[in-house]
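Data first, discussion second: the structure below is written as structure tokens.
The values are calculated or read from the model by the stated rules, or taken from the named source; none is laboratory data. Here the structure is a predicted model, which is why all the values come from computation and not from measurement. Note that we place each Cβ from the backbone using ideal geometry, even for glycine, and neighbour counts take in every protein chain shown. Accessible surface is based on the protein model in full, side chains and every heavy atom, while ligands, DNA and RNA are left aside. Shrake-Rupley method; radii C 1.70, N 1.55, O 1.52, S 1.80 Å.
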Amino acid sequence: MQRKNFNLSLFMFAALTLLPVAMLAAESETIIIKAPHTMEELNTKWDALKPVHTSGSPYITVPEMSRFDTMQTLGQVKGQVLLDGLNTLNFARYMAGMAGDVSMIADFIISAQFASALLAFRDRGLDHRPEKPYGISDEFYKYGYEGTSNSSLGFISTKLYESTGISTAVKGYLSDLGENNRNEAGHRCSALDPEMTGTGFGLATSRNGNIYSAMWTGYGVGLNGTGTKTTDYEAITWPAAGYHATDFYDNGMQWSVRLNRKRYDADKLGNIKVTVTTPNGTSVIPHKIGPYERMIIFTPTNNVKAGQKYTVEISGLYRKDKPVTLKYIVKFFDLSKPSSSDADLLAVDKLAIEHAIKEFSYVSNNYTRSKDLLNYIWAGTKYIDALQWASAPTLTKATSYDEGLLKGTLSYTYNGKSYTHNVNMSIPKLVTSDSAYKALSAAMSMTASPSTTKADVEKFINARVQNECTISISNFSVKAPTATETGNVSYNLTVKTNDGENLGTAGIVRVLPILGRKNSAER
């Protein structure tokens, strides 16, 4: 057999949706951050986490403002008020794509309460390193100073918000509107720190009715709590990529993007460009690089409304020394109001159509069928109700010199709404042997079930290659479908010439339909 260059494409279905786009292409690519949750999921989460203590005193014991000579004058905040603050923080982290399960730690609660009481006693505004005021013990000042220097601090000048003071303060940390914070967003950086697993809160009201609060963000936050660290992310954006509640947005708020340093070179931000498409058009937005985690900070608008959609593109980024563009969409909505999500924003197991087509193009080949693309999209989302080609698509095969092309219009429904999407998908140039593609084609065309065995696959492929090459199957496994999850048959297919020359290895994942799910006409 004549030797030919060979690069057997990986034909992946459900497993491929977990890979970032940049891993699939050698050239510069646009990396898309998709919505981690639907509006419906966010509304449900907020119903469970929204503040419960909305009126009355927030204190079990009111902090004593006349003297601070003993621990008994520190004051004690009601457990529900502390929990409301934690729940507000966890909802924001959940909306931003993190686990949202940060816990409270007793030592951090005490330290944050010392900080709040010290500031309330001084009543001269916020200060992370306050001087020792007259009339306070050295011991109290020591603990209070430790709290103020290791916490985010909040100030509210009216007792109207006293009952929800900690929850209100958490929203303030996220907005970070103070003039000295606009170019840094340090409080937001701490509140949305992917390493945070535990924290503590404090609250104290001064003689003049000013409310001081603290949220511990210092040492030990990522070590002592029971929350889940977030490691698998492209960037943490605020407003959150996907759906962002207007309840967590203050007019004039700066936007920010915190890159995952394990994926991006955060020291190569000198030539980036931030482009935002707003309801009023597309424009390049001035940006600054904040000192905390070198966050990208910009302000594309002074106010937003529910239903508005913004597209953010940041070009000039580097990922493993390769230039990339980061893209995401923010759609604003009102919490607890009936609404349905747009299919074009859904992600992860709720795969977006546009993103699915782009990913599928990397693993397509001359044996790609229009039906394969439908199955790929269908396997990646639980939310599309119907999916089909609006008319018969055209399929041009690839050659050794030219890419192939799959072209047509998809029509689908989601949540009772109809959508269309134009497909103009390239198919990689043919760079392999006919016998290897014959083996891959057989693997792709085989109908799999939970009872499929390794021997079944080998027999099926060998019957079609008819001794033109030698195939072997390794890492064979079967995951049966459930009532809510797609199953699969996965294995590595290795193809060799009859003389032992290696032609390539492909990872094959055959999708098994979700049990009990209605079938589409095309499936």
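Listed by chain and number, the aspartates and glutamates whose alpha-carbon sits under 12 Å from that of K288, ignoring those within fewer than 8 places in the same chain, are E184. Cross-link partners for K142 among the aspartates and glutamates, with Cα-Cα distance under 12 Å and sequence neighbours closer than 8 places in the same chain left out: E131. Once the Cα-Cα distance is subtracted from the 0.36 nm per residue extended length, the E146 to T505 segment shows a gain of 123.4 nm.
Fully extending the segment from T420 to N180, taken as 0.36 nm per residue of separation minus the present Cα-Cα distance, adds 81.7 nm.
Pairs of Cα atoms nearer than 8 Å and 6+ residues apart set the relative contact order; for segment 92-205 it is 43 percent.
Taking label positions 7 Å along the Cα-Cβ direction at both A463 and D267, the computed distance is 5.9 nm, reported to one decimal. In the context of the full set of protein chains, residues of segment 143-238 present 36 Å² of accessible surface per residue (probe radius 1.4 Å, heavy atoms only).
When the surface is traced with a 1.4 Å probe over the full set of protein chains, S435 keeps roughly 10 Å² accessible.
Close amide H contacts of H244 (hydrogens built in the peptide plane, cut-off under 5 Å, sequence separation of 5 or more or a different chain): K331, F332, F333.
Check each of the trypsin sites (Lys or Arg not before Pro) in segment 169-198 and keep only those in coil by DSSP with at most 16 other C-beta atoms within 10 angstrom; list them in order.
On the way: sites: K171, R182, R188; in loops: R182.
When the trypsin sites (Lys or Arg not before Pro) of segment 169-198 are filtered for loop state and at most 16 Cβ neighbours within 10 Å, R182 remain.
Close amide H pairs (under 5 Å, H built 1.01 Å from N) link G504 with V495, residues at least 5 positions away or on another chain.
Which pairs, out of K331/K407; K337/K358; K229/K479; K171/K327, put more than 31 Å between their alpha-carbon atoms? Spell out each step's value before the answer.
Values: K331/K407 29 Å; K337/K358 33 Å; K229/K479 28 Å; K171/K327 25 Å.
Among K331/K407; K337/K358; K229/K479; K171/K327, the Cα-Cα distance tops 31 Å for K337/K358.
Residue by residue, segment 100-111 carries 3J(HN,Hα) couplings of x, 9, 4, 10, 9, 10, 4, 4, 6, 5, 4, 5 Hz when phi is fed to the Karplus relation 6.51 cos²θ - 1.76 cosθ + 1.60 (θ = phi - 60°); x denotes Gly or Pro. Here the extension length gained between T482 and T394 equals 28.2 nm, from 0.36 nm per residue of separation less the Cα-Cα distance.
Sparsely packed loop sites in segment 247-307 (the trypsin sites (Lys or Arg not before Pro) outside DSSP H, G, I, E and B with at most 13 other Cβ atoms within 10 Å) comprise R261, K262, K305.
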